[in-house]
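**Student:** I'd like to ask you about the structure that follows.
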Amino acid sequence: MACTAVMIPGWLQGCARAICTQAASWRSPPSAVRHLTLSSMMKSRRKTDHLERTADVVRREVVSAAKVCDTADESPSVKRLRLLVADKGFSFKAGQWVDFFIPGVSVVGGFSICSSPRLLEQDRMIDLAVKYTNHPPALWVHNQCALGSEVAVRVGGEFFFDPQPADASRNLVLIAGGVGINPLLSILRHSADLHRERADKGSGYEMGTVTLFYSAKNTSELLFKKNILDLVNEFPEKMACSLHVTKQTAQISAELKPYITEGRITEKELSDHISKETLFYICGPPPMTDFFSKELEDRHVPPEHICFEKWW
């Protein structure tokens, strides 16, 4: 089988043949899919290996070297990495993920990008937030990753928001569970950048409203809450959030309290936002994703207006 050329960092050269073979099996039709059909999205494959699970998902063929330039603990179980990706050929759309290659680790990780495309355009950096698990790539991030660590990344995914300037204005409803906030935060940040561009230049894509529903076990596991509230306060007429906690035991801080609801996200909350101009993006545990996708379908939301990503 012929193989399209793949850019591979030096330390990955020994794996070139294997990666090349895999890339050939991953090719998809050239036109990127903006919205998944509900029938294809509802197919649930409970495979733990990222490459197997996403084997038929559109991904780029360029593997780009990256270097860890910052780390931070976003919660007791989640670490954020900031990667410098010098390769000018590397780009992504808000909501996409990366195949994450680590020297000496045979398993390839799959992590959603939580920063906006603008950060990459301006500073050649992307952010990932990785939850602690026993999966080798996640273990490496939490136990071995250090400033200056070299890795490699390749962009993939059909779950994204990438409107063009002439596209019709849309409202967004983002529904996140746990670490599923990552791709939705990228979309939220991208929406804020589009608002700023429109305000500064008087041109570009005209965003509608963006509403985030985000559920976690407790407030310490609500990732990026300060960033989220900063955006809501910057665009009070355009952005809103409803933060849900399902197993909160500690007292909720005063600055968070106005935004917090104890209990899960409800169908009623979502139904208040259904309109023909609204797109729904869902990322969380599979049961949550399946439930809200089916609920929206039952409420006659067009399948092309329901997009979701599943992570196991």
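The values are calculated or read from the model by the stated rules, or taken from the named source; none is laboratory data. Values in this document were obtained by computation on a predicted structure and should not be read as measured data. A quick note on method: Cβ atoms are made from the backbone with ideal geometry, for glycine too, and the neighbour counts reach across all protein chains shown. Protein only, heavy atoms only, side chains kept; ligands, DNA and RNA dropped before computing areas. Shrake-Rupley method; radii C 1.70, N 1.55, O 1.52, S 1.80 Å.
**Student:** Calculate one ³J(HN,Hα) per residue across region 206-214 by plugging θ = phi - 60° into the Karplus curve 6.51 cos²θ - 1.76 cosθ + 1.60, and present them in order as whole Hz with x for glycine and proline.
**Tutor:** Each residue's phi maps through the Karplus curve to give 9, 6, x, 8, 10, 10, 9, 10, 9 Hz.
**Student:** Which ³J(HN,Hα) values, rounded to whole Hz and listed in residue order, are derived for region 228-234 from phi using the Karplus coefficients 6.51, -1.76 and 1.60 in 6.51 cos²θ - 1.76 cosθ + 1.60 with θ = phi - 60°, glycine and proline given as x?
**Tutor:** 5, 5, 4, 5, 4, 6, 6
**Student:** Starting from 0.36 nm per residue, how many nanometres of slack lie between ASN233 and ILE260 once their C-alpha separation is accounted for?
**Tutor:** 8.2 nm
**Student:** Label 7 Å along Cα→Cβ of THR71; region 124-160 residues with amide nitrogen under 14 Å?
**Tutor:** Label zone hits: 128-133, 137-151.
**Student:** So, one more: Step through the residues of region 185-196 one at a time and calculate ³J(HN,Hα) from phi using the Karplus curve (6.51 cos²θ - 1.76 cosθ + 1.60, θ = phi - 60°), rounding each to whole Hz and writing x for Gly and Pro.
**Tutor:** 3J(HN,Hα) across region 185-196, in whole Hz: 5, 4, 5, 4, 5, 5, 4, 5, 4, 5, 4, 5.
**Student:** Return the long-range amide H neighbours of GLU74 (sequence gap of 5 or more, or a different chain), with a cut-off of under 5 Å between placed amide H atoms.
**Tutor:** Residues meeting the criterion, in which the H sits 1.01 Å from N, are LYS79, ARG80.
**Student:** A follow-up question, please. Which order do ILE274, ILE260 take by accessible area at a 1.4 Å probe, largest first?
**Tutor:** So the residues, ranked largest to smallest area, are ILE274, ILE260.
**Student:** Under the rule of at least 5 residues apart or a separate chain, name every residue whose amide H is placed under 5 Å from the amide H of LYS310.
**Tutor:** Hits under the 5 Å cutoff: none.
**Student:** Here is a follow-up. Can you compute the FRET efficiency between GLU150 and ARG198 using 1/(1 + (r/R0)^6), with r the Cβ-Cβ distance and R0 = 35 Å? Round to the nearest 0.05. If you can, show how the numbers build up before the last one.
**Tutor:** On the way: r = 38 Å, r/R0 = 1.09.
The pair GLU150/ARG198 has a calculated efficiency of 0.35.
**Student:** Let me ask something additional. Between THR249 and LYS276, how many nm apart are label points set 7 Å from Cα along the C-beta direction?
**Tutor:** 5.1 nm
**Student:** Another question about this same structure. ASN218 to GLU52: FRET efficiency via 1/(1 + (r/R0)^6), r the Cβ-Cβ distance, R0 45 Å, to the nearest 0.05?
**Tutor:** Taking R0 as 45 Å, the efficiency between ASN218 and GLU52 is 0.90.
**Student:** Using the per-residue mean of other Cβ atoms lying within 10 Å as a proxy for protection, in what order, highest first, do the peptides 53-60, 209-216 fall? The partial results should precede the final answer.
**Tutor:** Numbers: 53-60: 17.5, 209-216: 23.8.
Answer by packing, highest mean first, reads 209-216, 53-60.
**Student:** May I pose another question? Around MET239, which amide H atoms from residues at least 5 apart in sequence, or from another chain, sit under 5 Å from its own amide H, with H modelled in the peptide plane?
**Tutor:** When sequence neighbours closer than 5 places are left aside, the close amide H contacts are VAL210.
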